[in-house]
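Please read the structure below before turning to the comments.
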Amino acid sequence: LESSLRILRLVLSISILPCKMELSPFPDALNAWEVPVNSDAVEKAAEMFAEARLEQALDDLHRSTELHSLVRSDGGHAFFLKRMTKKWGSDLCWISPDDAGTLAAFDHVFRELRVEESLSAVVPHDRRLCVYTAQFLVCSCYSATNLHVDYEIDVGTHAVTLITPLRHCEATDGFQLVYEPHASEMLQTPGFSILNETLSVPSEQLKQYRYQQGKAVVFGASFLHSTQPGSAAGKPNVYLCFCVGTDRMQMWPAISATLGGQSRVIADPEGNVMLTGCGIEFEQSRLVDSHKANSQLG
């Protein structure tokens, strides 16, 4: 009996070991893969999204004239919301963790996705992968293809973006990921963002990646991509996004060059939480508004 119990405990211990999620490379694109993710971890992120009532906060932001807002949930999580300007023809909003505690909560979710071992094979590092920032990407309208890269060419795969659906959405022709197969690196510079027509790449020549629950797309530098135009009939599409990468500080200047546009704060490879360029502009704007309000009271 004791021997049987030992065997049963061994079988149970093996069955709950985190499994390695295998990367599947895109056959027609550089530095792009698909990888399975642990859906339980995604559900934990979805619970944070709901607990903070972020959809309501986003509705409030869209009804205002502001482009940014700050939200703190009852559970103590802090978020920074930034929406696109109307000239882009989209209501896309980036919702990112806005303090060290919330960044740590997203770091925990990333570790539970069970992708770290697989990503470690393509991301050069010394000890472990680092989470620089994370985001909920929320969108109900996207009117034009906006091809861009996320990182400088020199970054290579020292930093990657991971995106997976946060919740089930009705199947649509839009809101998928489109990309240019075998994109030329000559086009890819920091912050580079141009319309599809400028590239003379007809939309039918772009490849489509369809998001699926339980799977994520992962890409580094030299991956020219866009959200596919579309319009949601019901609730907006929501995706969970992580920007992760190397723990080597010498790569940080190149990596951080294109990470500061959507989040107010990010964490460097040593875990230091700092304001981004977007964050500095936001704080300066708040300071100006505060001075104006004080002068009116005076």
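The values are calculated or read from the model by the stated rules, or taken from the named source; none is laboratory data. For clarity, every value in this text was computed on a predicted model and none was experimentally measured. Heads up, the Cβs are rebuilt from the backbone with ideal geometry, glycines too, and the neighbour counts pull from every protein chain shown. Keep in mind that these areas ignore ligands, DNA and RNA; they rest on the heavy atoms of the full protein, side chains included. Shrake-Rupley method; radii C 1.70, N 1.55, O 1.52, S 1.80 Å.
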Study note, to complete from the structure: Once phi for every residue in segment 122-128 is put through the Karplus expression 6.51 cos²θ - 1.76 cosθ + 1.60 (θ = phi - 60°), the whole-Hz ³J(HN,Hα) values, with Gly and Pro written as x, are 10, 9, x, 6, 9, 10, 7
Check your understanding: When the chain is fully extended, how far beyond the present Cα-Cα distance does residue 63 get from residue 213, taking 0.36 nm per residue of separation?
Key -> 50.9 nm
Review point. How much accessible area per residue does segment 23-127 have, in Å², with a 1.4 Å probe?
Key: 48
Review point. What is the percent of Cα-Cα separations in segment 197-284 that go past 19 Å?
Key: 59
Revision key, fill the gap. The answer for residue 215, listing residues at least 5 apart or on another chain whose modeled amide H is closer than 5 Å to its amide H, is 37
**Study point:** Gain upon complete extension [residue 231, residue 120; 0.36 nm per residue less C-alpha separation]
**Key:** 36.3 nm
Exercise for review: Taking 7 Å along the Cα-to-C-beta vector as the label spot, tell me the residue 43-residue 204 distance in nanometres, rounded to one decimal.
Suggested key: 4.3
Practice item. Would you mind putting 244-256, 74-86, 151-163 in packing order, based on average other-beta-carbon counts within 10 Å, highest first? Key: 151-163, 244-256, 74-86
Revision key, fill the gap. For segment 56-124, the percent of accessible surface on carbon and sulfur atoms (probe 1.4 angstrom, ligands and nucleic acids excluded) is 52
